[in-house]
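Taking it in order: structure first as structure tokens, then the write-up.
The values are calculated or read from the model by the stated rules, or taken from the named source; none is laboratory data. Because the structure is a prediction, the values reported are computed rather than measured. Ideal geometry is used to build each Cβ from the backbone, glycine not excepted, and the neighbour counts take in all protein chains shown.
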């Protein structure tokens with residue numbers, strides 16, 4: 001009997017892919033905020049708050065993806081490839097976010 005793919009692993013990979021698209025959207029948002037420099041008015045602060053909230057959502061999404069991927073790798077009698085891919089890609093995204101946050105300091 002052929003083993004099936006872990007549904008948790010598939011969910012992890014999909015969630016990681018969605019988070020990656022959100023990350024590109026966040027980069028575009030930050031670029032727009034920098035291009036439209038209003039100074040220190042309320043519009044500028046709102047843009048920064050929105051960028052930080054999007055970054056927090058991105059981190060939370062990747063942490064959930066890591067958890068789902070680990071759960072997918074622990075399932076017996078299931079293929080583990082999607083779980084491994086989800087964990088690796090989510091971890092890479094978290095590492096990139098960490099480097100960006102440290103570099104922005």
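For residue 76, the criteria (1) part of a helix (DSSP H, G or I); (2) surrounded by fewer than 16 Cβ atoms within 10 Å (Cβ to Cβ) hold in every case but one, which is (1).
Residue 45 meets the conditions (1) in a helix (DSSP H, G or I); (2) farther than 21 Å from residue 104 by Cα; (3) free of Cβ contacts under 8 Å to residues at least 12 places away in the same chain in every case but one. The failed one is (2). Taken as a whole, the condition of being under 14 Å from the mean Cα position of the chain (by Cα), modelled with pLDDT under 95 and crowded, with 16+ Cβ neighbours inside 10 Å applies to residue 97. The sole residue among 33, 10, 14 that is surrounded by 14 or more Cβ atoms within 10 Å (Cβ to Cβ), farther than 13 Å from residue 93 by Cα, modelled with pLDDT under 85 and within 21 Å of the chain's Cα centre (by Cα) is 33. Scanning segment 64-95 for residues that are farther than 19 Å from residue 7 by Cβ and touching a residue at least 24 places away in the same chain (Cβ under 8 Å) gives 91, 93, 94.
Among all residue pairs at least 6 apart or on different chains, which show Cβ distances below 9 Å where the first residue, located in segment 1-28, is free of Cβ contacts under 8 Å to residues at least 60 places away in the same chain and at positive phi and the second is buried (at least 20 other Cβ atoms within 10 Å of the Cβ) and not in a helix (DSSP H, G or I)? Once the first residue is free of Cβ contacts under 8 Å to residues at least 60 places away in the same chain and at positive phi and sits in segment 1-28, no partner that is buried (at least 20 other Cβ atoms within 10 Å of the Cβ) and not in a helix (DSSP H, G or I) comes close enough. For segment 52-67, how many residues meet the condition of being more than 13 Å from the chain's Cα centre (by Cα) and surrounded by 17 or more Cβ atoms within 10 Å (Cβ to Cβ)? Summing the residues that are more than 13 Å from the chain's Cα centre (by Cα) and surrounded by 17 or more Cβ atoms within 10 Å (Cβ to Cβ) in segment 52-67 gives 0. Filtered by the rule that a residue be within 10 Å of residue 90 (Cβ to Cβ) and either in contact (Cβ under 8 Å) with a residue 40 or more places away in the chain or touching a strand residue (DSSP E or B) at 6+ places or on another chain (Cβ under 6 Å) (or both), segment 50-63 gives 61, 62. Considering (1) surrounded by 11 or more Cβ atoms within 10 Å (Cβ to Cβ); (2) at pLDDT 90 or above; (3) not in a helix (DSSP H, G or I), the lone condition that residue 38 does not fulfil carries the number (2).
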